[in-house]
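These notes are about the structure you will find just below.
The values are calculated or read from the model by the stated rules, or taken from the named source; none is laboratory data. Only a predicted model underlies this, so the values are computations on that prediction, with no experimental measurement involved. No Cβ is skipped: glycine too gets one built from the backbone with ideal geometry, and neighbour counts run over all protein chains shown.
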Amino acid sequence: MPFRHPGAGAQSYRRRGPSRRLSFGRMPDRIMTVLGPIAPDELGLTLAHEHLLFDLRCLWEEPPPERAHLADAELTAENRDELVRDLYHSRPNLHHDDSALAITEVVDFREAGGATIVDLTSIGLAPDPNALRDIAAATGVHVVAGAGYYRRKCLPDDVDERSIDELADELERWVTAGMYGTTVRAGILGELGTSTPIQPFEERQLRAAARVQRATGVAINVHPAIWAHEHLRVVDILEDAGADLARVALSHCDQLVEPEWHARIAERGVTLCFDTFGAEFTYDSDGSREPTDAERIDCLRRLLDAGRASQLLLSHDICSRLQLARYGGPGYAHVPGKIVPRLRAEGVSAVEIDEMLIANPRRLLAMPG
């Protein structure tokens with residue numbers, strides 16, 4: 001989930017089954033979706049970090065006087081150009097709970113060749129596991145739900161009282177029994193929010209997640225502070241707590257156009273998520289902007305050239321209405337429909353594309369049966 005500081009060619013995707021040898025008595029690996037477990041080779045083309053429904057109003061920023069009219073304005077064709085110059089000035093833009101619209105948007109992804117969406121709407125962003133189950137059932141797209149807590153800024157004060165033991169008990173229950181009072185089980189821990197600097201609660205949650213990973217085999221996805229450089233600190237905490245770094249993904253790495261920094265992260269063995277494709281917003285108040293897709297692709301190519309294809313995931317992290325196709329945004333079909341052809345045109349191989357969109361999500365999400 002990014003935050004500002006304060007179907008052409010779908011047929012080429014191959015569903016390759018994992019090559020593994022099962023020992024006697026060992027249950028095969030499975031991936032937990034909101035509709036229940038599936039075999040890893042059922043996963044298909046996967047978006048690794050999305051939000052099908054969301055409430056990001058905890059990050060709303062009061063607009064300056066000349067933009068005050070946008071604070072509670074519904075999105076229209078007339079005000080879209082204003083809103084894209086700072087999407088955090090509009091409360092309605094940061095809130096989406098329309099399941100019918102979500103179904104329409106997910107169908108667009110399916111028609112572009114998509115098979116699975118990983119929804120990482122953690123506590124603080126209004127997770128709704130039952131709604132995710134309904135969306136999956138209505139669309140035929142697999143939905144893997146994440147569980148955990150988002151950034152401290154978006155959470156109630158009582159989380160500061162939670163110990164590592166208490167957090168680990170919660171996270172494990174959400175993976176093994178059901179999330180937030182439902183029977184819908186999490187298939188990944190995340191997105192686990194961190195800030196800059198990393199807050200005490202956030203560090204405790206990371207340590208708890210490492211413990212649950214050791215107990216269950218579940219993967220971990222962490223939200224590092226956007227445009228900051230806390231990634232290696234996150235990795236240090238998880239490693240110290242005993243996490244398997246090969247089963248850890250760091251979100252929003254593509255919000256930094258810093259190939260050398262990406263290389264340092266990759267050296268630690270974690271998975272880097274290039275998961276904000278299609279988000280090219282600007283921020284008039286401080287003159288900043290998000291990277292362009294061309295810049296993201298350039299950074300991605302450098303990692304691919306360095307042999308890091310097995311450590312990369314792709315997605316959009318849709319967390320505002322402006323990003324939805326209904327409101328003129330790229331929608332969930334942008335990666336398979338637009339980014340993949342651009343990658344092919346730049347010489348990225350079909351094998352590398354399959355790794356980033358199929359094999360790597362499959363490896364990350366598969367847990368012991």
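Got a number for residues in segment 333-369 being aliphatic (A, V, I, L, M), farther than 27 Å from Met32 by Cα and outside any helix (DSSP H, G or I)?
Number satisfying all stated conditions: 1.
Restricting the first residue to segment 58-80 and requiring it to be at pLDDT 95 or above, which pairs with a second residue that is assigned to a loop (DSSP other than H, G, I, E, B) and among the aromatic types (Phe, Trp, Tyr) meet a Cβ separation below 9 Å and a spacing of at least six or different chains?
Qualifying pairs under 9 Å: Cys58/Tyr150; Leu59/Phe3; Ala71/Trp60.
Name, by its number, the condition in (1) in contact with a Cys (Cβ under 7 Å, 6 or more places away or on another chain); (2) under 25 Å from Trp60 (Cα atoms) that does not hold for Leu313.
Status for Leu313: all satisfied but (2).
Quick one: what pairs do we get from segment 337-353, first residue crowded, with 16+ Cβ neighbours inside 10 Å, second among the basic types (Lys, Arg) and in a helix (DSSP H, G or I), C-beta under 9 Å, 6+ apart or different chains?
Taking only residues 6 or more apart or on different chains, the pairs are Ile339/Arg296; Leu343/Arg301; Val348/Arg301; Val348/Arg342; Ile353/Arg344.
Can you name the residue in segment 111-133 that is touching a Ser or Thr at 6+ places or on another chain (Cβ under 6 Å) and outside any strand (DSSP E or B) and, of all such residues, is surrounded by the fewest Cβ atoms within 10 Å (Cβ to Cβ)?
Asn130
Just give me the residues in segment 116-135 being over 17 Å from the mean Cα position of the chain (by Cα) and either under 25 Å from Gln205 (Cα atoms) or not charged (D, E, K, R) (or both), in sequence order.
If the condition is that a residue be over 17 Å from the mean Cα position of the chain (by Cα) and either under 25 Å from Gln205 (Cα atoms) or not charged (D, E, K, R) (or both), then Asn130, Ala131, Ile135 are the ones that fit.
Restricting to segment 257-287, count the residues that are of a type in the set (A, V, I, L, M), crowded, with 24+ Cβ neighbours inside 10 Å and assigned to a loop (DSSP other than H, G, I, E, B).
So the count comes out to 2.
Conditions (1) surrounded by 20 or more Cβ atoms within 10 Å (Cβ to Cβ); (2) more than 19 Å from Ile318 (Cα to Cα), marked per residue:
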position: Ile135; (1), (2): yes, no
position: His142; (1), (2): yes, no
position: Trp174; (1), (2): yes, yes
position: Tyr180; (1), (2): no, yes
position: Thr196; (1), (2): no, yes
